[in-house]
Amino acid sequence: MNKGILSNLAVIFFLFVSLSGFSDPSTDSGSISGTVTQAETQTPLVGTNVLLIGTMLGAATDSQGRFYIPGVPQGIYEIKASAIGFKSIQKTVRVEKGQNHTVDFTLQETAVLMDGVSVTASRYQQSLDEIPVSVSLIPAMEIHERNILSVDEALKYVPGVNSMSGGQITIRGSSGFNWGVGSRVLVMVNGQPFMTGDNWSVNWYGIPTANINQVEVMKGSGSALYGSSAMGGVINIITQEPEEGNRFEISTLTGFYSKPGFSEWHWTDKRQHFEGTSVQWSTRLGKISTQLASSYRVTTGYRENDDNQIFNLMTMLGCNYNSNLRLDLMAGHARNQGGFYIYWKDLANPYANGSDPYGFRSRSKSNMTYVYPSVSYIINHRMLLTLKGRYAQSNTEETLKSKISLPSQVDPILDNSFRMSSVNSLGGEALFNYQISSVGTLVAGSEYQSDHVNSIQYGDRRISRASYYAQVSHDVLNTFKITLGGRYDGENIRSQGTSGEFSGTLGLNCDLSAKTHLRASMGQGFRAPAIAERFVSTFTGGLRVRENPGLLPERSLSAEAGIRQGIASSMTLDLSVFYSLYDNLIEPQLSTDPEDDAVVVRFENVNKALITGLDASLRTDWWTNQISSRVGYTFLNTLDRSPGPDYNKPLKYRSRHTLYVSTDFKLHPLSMGIDFRYLSQTERVDEYHKAFIKDIDARVPTYVASLRFGISPWRRYRLQLVIDNLFRYNYLIAPANMGPPLNATLQLKINS
């Protein structure tokens, strides 16, 4: 199955490369070019999306604000220019055979993100106003202004999203705390999955932030388009397109953690600190573009055995072979090594490590290498074929080391790996986009992935998955858009046979006016158990963890309704209510081993759950964005619907109320920002955790404020100071995990 699919993809790839040489659209079509500028300053707008409505044709503006769309069949078209933070403009253009037609746009600033563009919700570019599901965008500016070096840190400011210790992400309460195993949120980079093949967690350390263009967060089930692990939502990280000429940027930062608030909590006399450097270089010369992004960061951590060093490198090559064919390659390598902190010793020692055996400390090493080639072929102005390949290899190793010097004959034993996992993932995808008419779009595709895991704790395992999906959207009366789609996922586990799941979706979008947009959607979701959940056999925190190969997939049914409302020209309100019903949720459970009466843990299908709630976000901008504010609120009503004593009790490790507030002041060359996050106290903890984690039921609400200062004394230089946890509040970022104390970061950025 593996070789057959890869062979077919290779044949299709070389077929279109060959055919492209015979295609010369200039002989029977025309082209469109022009510029996009900012109305207030008349300066070029870089990265503006220019789309030819009703076709698969479009372009993005370069560093001079210019765009060029070749291969346009003669006829009359609507062409639209849109950029984050600017009001979109649509014009009519007549294209004639063999001629170039010039169309210029001048965009005015408006409420932030009012006219943003997403490619995640439907696998093709759409305005946020046209999407039937809730999508939030994080522009690169917000990431850089907070001195963020790991993408998961940026997600803390998105309504409905919660980022916990260890990089675990939950959207609208879809997950509690799962110790980094079995994510219910799919994370991608440029549409390619960025998940580990063994425990299905996110490789955050492998993603540089220097070359990010925007982060798209799709809330609610995405299984009908993206399959397993999209049951709780999808996060897609979109990188920048290289500009004409050369561009180089380097940033370096340094920071420190303050001492804990109480002297009894001090676990070291040393000053805890962190440093980091990131670089980005890109160039475009004719048909060829190259981009390189890399970062290195090191920290002592603010907790015992929480130090680490991270290095990552991402390279992207692009080639516009001709007006029909584009080739891309994304490849990279990353390393992460350091301590392995899981939970505290107890409430009296919240920064001390309690998860290691007495007298020892665990150390972890991880590395990953990936190669993601892709080819996009415009068959004609209404048909686009995209072929993607993927190969990823990762290794994780954990060792125990003594805190004191031991005889040489003992040390080698302690340095042996007690947990190790090596993963090889190979896959591919074929995606077909067809503009049926000016009001109808079809997306269809097939995807395959094989994961081979060789591990001390998981054994030698092979899992392969094949899927087929399709989604059609159609406009009705220029007011309504109906979306209908489905996906079938088949899974084969060596020695266990084959199983399959179908997920469907239905969406409706309604444009009541230029500023009022309604949406509604309903979709099925599922998540296949990760290899780690099925086959793990290890010790952790004094407990024995045993395998359960008979785990069933998790399933969900989700629905939402929302409104996106523009208020005047400086305010945007987005409001959603949602409903999610879950079945067969997988959680670790305590049991007694009949062989030796030891206390063991197994992953079991135990939970049925119901989650209802609402998301609200309000964005305001005054005086040409010199003052801007963002407020986000999420309410969750979570109910355990499993038969038994916990029936109708709140789900574990969820906060009922979440509030984010951010305000920015900009007066060139100065800027200032204030961030505030509130999370209500989690309502329940897992009883089995109390058996080995002391004081895990100690919980408090979260109140965290941050202050940001920036100055750009010259065009190519920027100095940024961020003070986090300004009021030194003691809070939790996960069960038995203290959040960082007050910390300050100073960053210098230089670009060419």
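Laboratory data are not the source of any read-out in this text; all were calculated from the coordinates shown. As the structure is a prediction and not an experimental result, all values here were calculated from the model. Note: ideal-geometry Cβ built from the backbone for every residue, glycine included; neighbour counts use all protein chains shown.
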Margin query: Run the helix sum for the chain: -39,500 (n - 2.57) per DSSP H stretch of 4+ residues, divided by residue count, reported at 222 nm to the nearest 500 deg cm²/dmol.
Written below: -1500 deg cm²/dmol
Note to self: Compute the angle between helix 2-20 and the longest alpha-carbon principal axis of the chain, please, reported from 0 to 90 degrees and rounded to the nearest 10.
What the structure shows: 20 degrees
Checklist line | Anchor Lys388: lysines whose Cα lies under 26 Å away (excluding residues fewer than 8 positions away in-chain) | finding: Lys3, Lys219, Lys287
Next item on the list: Once you have a ≥ b ≥ c as the square roots of the Cα gyration tensor eigenvalues for the range 153-213, tell me rounded if a/c is under 1.5, and otherwise prolate or oblate according to whether a/b is larger than b/c.
Entry: oblate
Notebook entry, point to check: Which Cα, out of Ser355, His517, Ile76, lies furthest along the positive dipole direction of the chain (beta carbon charges, K/R +1, D/E -1)?
Noted result: Ile76
Checklist line | Relative packing of peptides 660-672, 185-197, 321-333 - highest average C-beta neighbours within 10 Å first | finding: 185-197, 321-333, 660-672
Margin query: Restricting to Cα pairs below 8 Å that are 6+ residues apart, what does the relative contact order work out to for the chain? Please round to a whole percent.
Written below: 11 percent
Note to self: For a protection proxy built on the mean count of beta-carbon atoms within 10 angstrom, sort 736-742, 157-163 highest first, please.
What the structure shows: 157-163, 736-742
Notebook entry, point to check: What does the highest-first list of 205-213, 31-39, 528-536, 694-702 look like by mean Cβ count within 10 Å?
Noted result: 528-536, 205-213, 31-39, 694-702
Notebook entry, point to check: Between Ala698 and Thr369, what is the FRET efficiency for a Förster distance of 45 Å, r being their Cβ-Cβ separation, to the nearest 0.05?
Noted result: 0.65
Check: Using the alpha-carbon centroid of each, what span in Å lies between the range 705-752 and the range 655-704?
Finding: 16 Å
